[in-house]
1. In region A:489-540, which residues are out of contact with any Phe, Trp or Tyr (no Cβ under 9 Å at 6 or more places or on another chain) and of a type in the set (Phe, Trp, Tyr)?
2. Residue by residue through region B:12-69, note down the ones that are assigned to a loop (DSSP other than H, G, I, E, B) and either buried (at least 16 other Cβ atoms within 10 Å of the Cβ) or at the interface with another protein chain (Cβ under 7 Å from one of its Cβ atoms) (or both).
3. Go through (1) in contact with a Ser or Thr (Cβ under 9 Å, 6 or more places away or on another chain); (2) without any contact (Cβ under 8 Å) to a residue 60 or more places away in the chain and name the single condition A:PRO279 misses.
4. Would you mind stating whether A:ILE79 is assigned to a helix (DSSP H, G or I), more than 20 Å from the chain's Cα centre (by Cα) and at pLDDT 95 or above?
5. Considering region B:141-176 alone, what residues qualify as being of a type in the set (Ser, Thr, Tyr), within 9 Å of chain A (Cβ to nearest Cβ) and either more than 12 Å from the ligand (Cβ to nearest atom) or surrounded by fewer than 20 Cβ atoms within 10 Å (Cβ to Cβ) (or both)?
6. Taking A:HIS385 as the residue in question, decide whether it is surrounded by 24 or more Cβ atoms within 10 Å (Cβ to Cβ) and assigned to a helix (DSSP H, G or I).
7. Quick check on region B:177-196: of everything there that is among the aliphatic types (A, V, I, L, M) and within 16 Å of the ligand (Cβ to nearest atom), which residue is surrounded by the fewest Cβ atoms within 10 Å (Cβ to Cβ)?
8. Restricting attention to region B:80-88, does a residue exist that is at the interface with another protein chain (Cβ under 9 Å from one of its Cβ atoms) and free of Cβ contacts under 8 Å to residues at least 12 places away in the same chain?
Amino acid sequence: MANGTAAAHVNDVDFYHYEGKHKGIMSWLLTTDHKRIGIMYLAAIVVFFLAAMMLGVLMRIEALTPGQTIMKPQTYNSIFTFHGVIMIFLFIIPAVPAVFGNFFLPIQLGAKDVSFPRLNLFSWYLYMAGGLIALLSLFTGGGAADTGWTFYVPYSIRSSANVSLSVFGAFVLGFSSIVTGLNFITTIHRMRAPGMSWFRMPLFAWALYATSWIQVLATPVIGITLFLIVLERAFGIGVFDPALGGDPLLYQHMFWIYSHPAVYIMILPAMGVVSEIIPTFAKKDIFGYKQIALSSLAIALIGYLVWGHHMFTSGMSDTSRVVFSLLTFLVAIPTGVKVFNWVATLYKGSIEIKVPLLFVMAFIFIFSIGGLTGLVQGALATDIHLTDTYFIVGHFHYVMFGGMGTIFFAALHYWFPKMFGKTYNEKVAIISATLFVIGFNMFYFTMFILGYLGMPRRYYDYLPQYQGLHVFSSIGAFIMVTGIVLMFGNLLRGLIKGEKATANPWGGTTLEWRIASPPPLENFDEIPVVTGGPYVHDRETYIMNPIKVIHKEEEAVH
Amino acid sequence: MDNPIINSVDNVFILIVSISVFFLLLVTVAMIYFVIRYRKKRNPQASNITGNTSLEVVWTVIPTVLVLIMFWYGWSGFQTMRNVPADAMVIKVTGRMWSWTFDYDNGKKSDTLLYVPFGKPIKMEIQSADVNHSFYIPAYRVKEDAIPGRTNYLWFQPTMMGEFDIMCAEYCGMNHSYMLGKLIVMKPEDFEVWKNTLPKPLDTLKSDSLRVGTIPKDSLRVDTVKTTKDTVKIMQVDPKIADSVGQRKIRRMKK
Ligand SMILES: [Cu+2]
């Protein structure tokens, strides 16, 4: 839209009310607007998340007593498999990039959309297709897969359950991830507004940039690996099956070559969100912008080389175990550095304590525990004892759910007024956040103790000595879930009945806060010009509508 | 009796956890203090601080040194775990869905129950007959996967008398959580008697008819191993064990 008047016309209404070629539901299903696509991802992702959460609740009920509580072992095994598959592939990996990345990346860069809007819609369809295929596998063939989300061979080859279809679902989801990654990389390279140099980009964009590279480079590996499982099951090609001369360890290597970097696909965007929220509420510039930006890249890079730490007891050579242990410790450094930078940003700020900041504080506490317990597992001697126990389960829930999940909630509360143009009840939000944090820590911290005492993971039944801790952990889970349900209820209420939000309720400094809530169809009437960093609070760093500004100046001169 | 593996695992754990607790407190206390001290009411105007190079160098270098120390201790403990003493007794363990079998060098076999003499280093050679399993004795802090087509190993020194849980730690299908066993550390003289008692049919209890090849419809081992409190049933089928170890131990397991 080079033509100023036409742009003004489409931007008269917000993107929800814009009447395009298609009406009603089709205006969503055929949209190429990055904001609508972001909202469609949000709807799907929240549904999948709540479903997988309920599976988790069933597991915690089963764990209340040794022996059978409410289900049979086969059911339990399928439930933890699908809890993992849904949470990893349908929630944690896409949540922040697909929802908030899609919605805010173009706006933060000062662009009207992503580079390839149609491809963007296509990746949403791939995502939905992958999800539906995984769902379909529950009810067809030999029934729900029971392999765990890791699909380890040879069990995944032998299992009579419908493993092939759920693996194929994950395969399709991989393409969605690759396409989104490509789109973001191109957008960041090509669509930045004039004056937005690399080091003037918001840190959220930096984090998405690092994430997208991992998505593009690592996801094909899991695609091939999962496809080989399907072939192995169908034709017995003998790549992984030891009975046919294959190697089960090869599978583990290939699986983790993707799935470890995937951990950083999950956490890097969340780190980006933290770097947005803290400066906004501290009312000051971020501490160590470059260090944070570059540590994202460092994490992405080293994160590629540590996959073997998932295999310290697999029988991999002792030399590899030592090398992978060393590399694992190195990746802890850029992560620690980020945490120090965030805390330092609060120093001498003028801090407004609002819900998104409270979630971020919870994140820093929880994620620190997750990261530090990772050190225990990076060390060889302790990992041998703790791997495949509840210690691991506790650790990765602290990092993934406590890290990415908490920040997903923070981002929802931070950007809610912008995305929907409505506000939510702050008091209820604080109560739900408090319940979440208390429940979370009761729930998962107990798992560290269970693990050190030798309780293995993926156990339907357990020895009686572990019951007390299991019950305590389950009570924590129920409190946490209460908090989450209350939180979504509150947001839903805000969506329907909330008061109208202003354009910049928090005093944010990035570009999304310079346009209306909710944003107009093309985000900006004119592409803005950027004259400074993203978190400058004490002076103006954008020229909005530069052409109009020039016209005005000319008029003043005449 | 000192146990090098348990010591090193627990010491590395304490070392890392202490450093971690320090950093967790540092970060959390600083964060809460800043949020209270510099809240808008008390500090209406933020200072514009965008970084501090020397501070950033310091908080990169110190953690680097600390993680290298952690790595070092983790590694040295690991070396203890991998260097099997020359006088170790070799026992072959085979995992299958969903039980453990132990083979001794004189041909003696045992199912589910791993008998070892007190004090003697034991090298376990770990194999799998079907899918991945993981041989895990939490009390002795050792674990290694059983992968079909390979022989992995671990060693430990039984420095505590009594019974200890053995568990499968790598998910292996429906009855993964019932793939349990017991490590029974005996007086060396009792062990010799047990080991040299010729294998009787009952020694391999409930033997192959129940397991081999067939995946049962429901929890297979419900009748033998439901939870450990039922392990006593396994013990009861072998009067030999009862004779050599003594009724006292059996009674203790019943509890
Ligand atoms: Cu097993």
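1. A:PHE524
2. Of the residues in region B:12-69, the ones assigned to a loop (DSSP other than H, G, I, E, B) are B:38, B:40-52.
B:TYR38, B:LYS40, B:ASN43, B:PRO44, B:GLN45, B:ALA46, B:SER47, B:ASN48, B:ILE49, B:THR50, B:GLY51, listed by residue number.
3. For A:PRO279, the failing item is (2).
4. On the way: assigned to a helix (DSSP H, G or I): yes; more than 20 Å from the chain's Cα centre (by Cα): yes; at pLDDT 95 or above: no.
No: the conditions fail for A:ILE79.
5. Step one: of region B:141-176, the residues of a type in the set (Ser, Thr, Tyr) are B:151, B:153, B:159, B:171.
Next, only the ones that are within 9 Å of chain A (Cβ to nearest Cβ) stay: B:151, B:153, B:171.
Correct list: B:THR151, B:TYR153.
6. Details: surrounded by 24 or more Cβ atoms within 10 Å (Cβ to Cβ): yes; assigned to a helix (DSSP H, G or I): yes.
Taking the combined requirement at face value, the residue satisfies it.
7. So, considering only residues that are among the aliphatic types (A, V, I, L, M) and within 16 Å of the ligand (Cβ to nearest atom), the one surrounded by the fewest Cβ atoms within 10 Å (Cβ to Cβ) is B:LEU180.
8. First pass over region B:80-88, keeping only residues at the interface with another protein chain (Cβ under 9 Å from one of its Cβ atoms): B:80-82.
Then drop every residue that is not free of Cβ contacts under 8 Å to residues at least 12 places away in the same chain, which leaves B:82.
Yes, because at least one residue in region B:80-88 is at the interface with another protein chain (Cβ under 9 Å from one of its Cβ atoms) and free of Cβ contacts under 8 Å to residues at least 12 places away in the same chain.
The values are calculated or read from the model by the stated rules, or taken from the named source; none is laboratory data. Computed from a prediction, not measured in an experiment: that's the story for all the values here. When we count neighbours, we look across all protein chains shown, and the Cβ atoms used for this are built from the backbone with ideal geometry, even at glycine.
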